[in-house]
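Reviewing the structure listed below.
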Amino acid sequence: MIQINLLRSRQNLKKQRVVFEIHILIVFVVLLCAALLCFNRAQDRNIERIKVKISNAEAGLKIANRKADEVRSIQKIIDNLKVKTEAIAELEKSRTNPAILLFLITELLVKKKMWLTSLHMSKNNITLSGIAFDNKTVADFMTRIENAKDFEDLRLKSTRQERNSDNLNLKSFMLTFKWKNEKQTGIIKNR
């Protein structure tokens, strides 16, 4: 009888199948590697784009920070100028206050019957000294101050009779009052 050796062909078939599966596995691995390589390159491109965006954003942030520093320094200069302007306005106001006050008081004097000897101003408190011919002149002057809208809280501190070098009897007086100087600008113009 004839025997056919089928084992070899089965072994060959198995070997061929194994070789085929190995080829498929190799092709799959190669395709997988190619896909991973393409994916990796795409991710690298994305990373580069993001790095460019980050560097652009950082450059923009540096520019913005420089401009913000410039704005802060300009704001400090502006604040400094405001303080100086306010100080100048206050100095201008305090420079003109004595002249305005003296103008207002001289308008209230009883002409040719009294003279001022001293005027002291501390904030809005005024201390005034002078000489008059008689008590009536001092009283008239006090009435004028009381009726003036620019002054308040008038007080007679002292009156004293004195003789001058011409042997005249004169009244020395001292008054205190407050100046309502809220609206000092334009006081002279309004009179």
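Quick note: the coordinates plus some simple rules give every number you see, no bench work behind them. Since we're looking at a predicted model, the values are computed, not measured. Cβ coordinates were reconstructed from backbone atoms using ideal geometry, including for glycine residues, and neighbour counts include every protein chain displayed.
Using +1 at the C-beta of Lys and Arg and -1 at the C-beta of Asp and Glu, which of Ala57, Thr96, Ser73 has the Cα lying farthest in the positive direction of the dipole of the stretch 1-96?
Sorting the options by dipole projection puts first Ala57.
What is the percent of Cα-Cα separations in the stretch 87-154 that go past 21 Å?
Cα-Cα pairs in the stretch 87-154 separated by more than 21 Å: 27 percent.
Relative to the longest principal axis of the C-alpha atoms of the chain, give the angle of the C-alpha long axis of helix 135-147, reported between 0 and 90° and rounded to the nearest 10°.
Once rounded, one gets 30 degrees.
Send over the semi-axes of the stretch 109-190's equivalent ellipsoid, whole angstrom and largest first, taken as the square roots of 5 times the C-alpha gyration tensor eigenvalues.
The answer is 26, 13, 11 Å, longest axis first.
Just want to confirm a number: the relative contact order over the chain, from Cα pairs under 8 angstrom separated by 6+ residues, in percent.
Computed over the chain, the figure is 14 percent.
Dipole of the chain (Lys/Arg Cβ +1, Asp/Glu Cβ -1, origin at the Cα centre): which of Ile126, Ser165, Thr143 lies farthest to the positive side?
The residue sitting farthest along the positive end of the dipole is Ile126.
Return one quarter of the surface area of the convex hull spanned by the alpha-carbon atoms of the chain, equal to its mean projected area, in nm².
It is 24.9 nm².
In the stretch 1-96, what is the volume of the convex hull around the alpha carbon atoms, normalised per residue and reported in Å³?
Output value, Cα hull per residue: 66 Å³.
To test your reading of the geometry: what angle, between 0 and 90 degrees and rounded to tens, separates the Cα axis of helix 6-108 from the longest principal axis of the chain?
0 degrees
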